[in-house]
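Enquirer: Take a look at this one; I'll ask things after.
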Amino acid sequence: MQDFNRRDAARAAMLGGASFLLSQGSLQAQSSAAQGSLLDAHAFGAVGDGKTDNTLALQKALDAAAPLSGGVFLPPGTYLTRELHVRSGTALIGIPAWNYSNGGGSVLKLTGTDSSCLLNLTEARGATLDGLALDGGFLGSGIHGIYTNRSKWGEHEDGFRIERCQVARFSGDGMRLDCVWCFSVRHCELAYNHGDGMNMRGWDAFILDNWFSGNQGSGFAARRENASVTFIGNRIEWNAKENFVIVGGDGYQINNNFFDRAGTIGIAIHKSNWGPAQINITGNLIKRSGKNADPNSHDSAQVLIENAKGVTFTGNTIWAGRDDGNKGLWSPSFGIIYQGLENCILRDNVLHEGALRQLFLDLGGQQEGVVVGDNPGKLLVPR
């Protein structure tokens, strides 16, 4: 690798590494194994013209990076591809120029319907994905954007990082992470997928500063074993089902997020054989949930917490409403629904115009140490 001075380093840092990658990518295409390498995908025959099937070329580049503990740089363009397997200790790096609605910069676009996913991270311990736009084109059925295809837990942590990526328009989930532990997802958009934005079976996750928008399932979902998740600073909006749902689970920090216009419940915490327990939900804004729900059902609620122990729900702002432009149906019917709690606190939340029918609905079965109080608010009266 060529040396570069501090001014070059500062410039690279300001641009998120983009200037460094653009200037150095071709020079590093054949770097030595001792130094590590950033291989240019074009050197392996990849063509970002939106017409060429690049599966073989891109897989060849990823495989070449593996023994070097290096990475593959994907210059801006649209690269058609089938399923690709990312290798351990490698990186696939592009230029993030996507926007809220569409891809841009370095785009990987699914071709064909014979893949289980676009990027397979099953054997990608310590890998990095950065600056990519993944587009599923709604092809096939149940094809995921990013996938770990496992039925049991591995012997070691995953340790992969997914950064500044858009994962959109897949017929399955945006991310389907099965039996994973120790990983991070930051500054990404998981949007417009036919399944969930992110479906996780795992723990020890950092999920920070992402968009979970417009998915036909839930925004974030953990319906099987799940625990130890730091979920901070995300915007979760306009998903057809729950914006955020966990079944069981423990050790969650759910702080300073914006939950808007869920199809059913904004935040749903359901019982299971392993929890839920020890969950901190603080400083969130939960708005306009229950868009698609039967107003007479408990799915028409901002928050549902059932059979939980050690939950802190405090300092949140809850607000009912309707679609943008004052259109559509008003929702939800209920603010916070709770049942079967033990040693939990639900207090110091604000529910000004927080629901249409009832701000708090106690379904009974509370155990010792449950505190509910000091939650000012009033019902919304549509006008």
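The values are calculated or read from the model by the stated rules, or taken from the named source; none is laboratory data. Small disclaimer: the values here were computed from a predicted structure and weren't measured. All Cβ positions, glycine included, derive from the backbone under ideal geometry; neighbour counts span all protein chains shown.
Enquirer: Would a scan of segment 68-78 turn up a residue that is within 14 Å of Gly174 (Cα to Cα) and surrounded by 21 or more Cβ atoms within 10 Å (Cβ to Cβ)?
Expert: No: zero hits.
Enquirer: Right, next: Could you tell me which numbered condition Asp362 fails, if it satisfies all but one of (1) farther than 20 Å from Asp260 by Cα; (2) surrounded by fewer than 23 Cβ atoms within 10 Å (Cβ to Cβ); (3) in contact with a Gly (Cβ under 8 Å, 6 or more places away or on another chain)?
Expert: For Asp362, the failing item is (3).
Enquirer: Yes or no: Ser32 in a loop (DSSP other than H, G, I, E, B) and at pLDDT below 95?
Expert: yes
Enquirer: If a residue must be over 18 Å from Val311 (Cα atoms) and not in a loop (DSSP other than H, G, I, E, B), how many such residues does segment 338-383 contain?
Expert: 6
Enquirer: Right, something else. Considering only segment 260-281, state which residues are hydroxyl-bearing (Ser, Thr, Tyr) and surrounded by 24 or more Cβ atoms within 10 Å (Cβ to Cβ).
Expert: The answer is Thr264, and nothing else.
Enquirer: Which count do you get for residues in segment 362-383 that are over 16 Å from Phe334 (Cβ atoms), of a type in the set (Gly, Ala, Ser) and under 33 Å from the mean Cα position of the chain (by Cα)?
Expert: Qualifying residue count for the region: 1.
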